[in-house]
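Derivation of every value follows stated rules applied to the coordinates shown; laboratory data play no part. Predicted model, so just to flag it, every value in this text is computed and none were measured. Every residue, glycine among them, receives a Cβ derived from its backbone with ideal geometry; neighbour counts consider all protein chains shown.
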Amino acid sequence: MKASTQKWQEGIGVALTNEVRVGQFGDRCGVEHLISIESVEYSVAPAKLIFGSPRAVRDICTKAPAYIEEMQVRAEPYVLQQDGLDDLLALLTSDLRKLPVVLLSPYARGESNQIDPAKLARNLAGVAVVVRVEDPELTWDFADEVGRQLSCFNGAARIYWPGFSKASDPRSHRLFFGSWIEQVGPVVAARTIERAIFAVAAFRYVPDKRIADVMRRAEAAERQKVLEQKRATGDEFWEDYEQTVDKLREAEEQIAGLEAENANLRANQQVFFATGPEGPEELPQTEATEELAFSSVAEAVEAAALRCKNLEMLDTATSAAAASPFQRPYDIYKALSDLDEIVDVWSKSRDEKGSGGDLLQHLRDRGWGKRSSMHISDTTRGKLRSHYEFEYQGKKQLFEPHITIGAGDPNSCASIHFIFDQRRLKMVVGHVGKHLPNTKT
């Protein structure tokens, strides 16, 4: 094993210690690179330090297979392929994952995320995994799996910390909207993501147990050698021995103090991580980030009815929502709020261009492409028509347009059936809840 330590002083009142330890263990080479900071001048002023991944770490992750425990890390982004969604979900929810995953999503029409994935992956080498999604449809499939509140789409970026699950609090896994990235620029956005990760990583250093064990054995051997030399000198041995014991006692007290300090730092880190302070160059996100939580589909429908002026919720929709056991009520709310927004966009386009545009395309632009349709099948319309008819303005009308969320049983699948009243500029919702019967059910 080899160890190297270098110390230098910056003109900002702090000293930086650069320590590298390398050890060979079977077919693996263990590498520790620790950069520590200590104050050498009492000056209550910002040190203006920028955390980052050392170049040596980036080089190692680029030139050779590198692992943190059993997880391979590299200095380049992973591209999520069409058949890779299950692997991504397994990685995100794995108890063995030690590093955050940064997901970069494309825009709804296919344009790439504005953040440079290659540069971000290099800068985060060894402390995070960067995953780039190219196909927008994959982001919607991902949203179906984890729910809209925990998803990442339409040019957004998100940090998924270790410990993620489908039941996680969305606020614990920070989301950066695509519109915010456009506002501050991709360079500032990338640096904000990097700073958020490095600020947490700085409190997470744990020595390699194998290297630490080698160091302890070497130090013990050195102490034994000194004791043997002292024992051979005769009378002065016990005096020196007592001094050595005193030094050992002092060292043990220092270790206890450091352990307490470390516990305090970890507690402070938890507070820091929870509050997520913004840096001076970070601007507020421009899209609404209000966290809405609903305990049932009925609550989500009630909230949408109150907040969305362009929706008209029929009694049949309210009663179906009350009976729905669907477990992702926020996704219901999001679909209804998107329908509300489409009315405004359609109306504005009609006033400016003479046409409001294709309703299905508006739904595609908001991620409902594969999950929405303007029609039901001819067979379903013929055999089960009555299930899709709801009374609106005094007569029965067929509510064919629909959005389907999820798949499977009513706990994990729901549908919304609606019609668009262009004269009144209203999305009229006839059903929200359990998927209506068709020829397959």
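For the stretch 416-432, backbone phi angles converted through the Karplus equation (6.51, -1.76, 1.60; θ = phi - 60°) give residue-by-residue couplings of 10, 10, 8, 9, 9, 8, 5, 5, 8, 6, 10, 8, 9, 9, x, 8, 9 Hz, Gly and Pro being listed as x.
Between ALA251 and SER112, how high is the FRET efficiency from 1/(1 + (r/R0)^6) when r is the Cβ-Cβ distance and R₀ = 41 Å? Nearest 0.05. Approximately 0.15, to the nearest 0.05.
In vacuo Debye scattering of the stretch 86-236, one point per C-alpha: log10 I(q)/I(0) at q = 0.13, 0.17, 0.19 Å⁻¹? At q = 0.13, 0.17, 0.19 Å⁻¹ the computed log10 ratios are -0.63, -0.96, -1.15. Couplings for the stretch 77-89, taken from phi via the Karplus curve 6.51 cos²θ - 1.76 cosθ + 1.60 with θ = phi - 60°, read x, 8, 9, 6, 8, 4, 9, x, 5, 4, 5, 4, 4 Hz in order; Gly and Pro are left as x. Full extension of the chain segment joining ASP86 with THR17 gains 20.6 nm, where the gain is 0.36 nm per residue of separation less the Cα-Cα distance. Less than 5 angstrom separates the built amide H of LYS426 from those of ASP421, all sequence-distant by 5 or more or on a different chain. FRET efficiency for the ALA221 to LEU34 pair, using the beta carbon distance and R₀ = 30 Å, is estimated at 0.85. Each 10 Å bin, from zero up to the one with the longest distance, holds this percent of the alpha carbon pairs of the stretch 297-433: 12, 44, 36, 8, 0.
Among the listed pairs LYS98/LYS119; LYS166/LYS396; LYS353/LYS383, those with a Cα-Cα distance over 29 Å are LYS166/LYS396; LYS353/LYS383.
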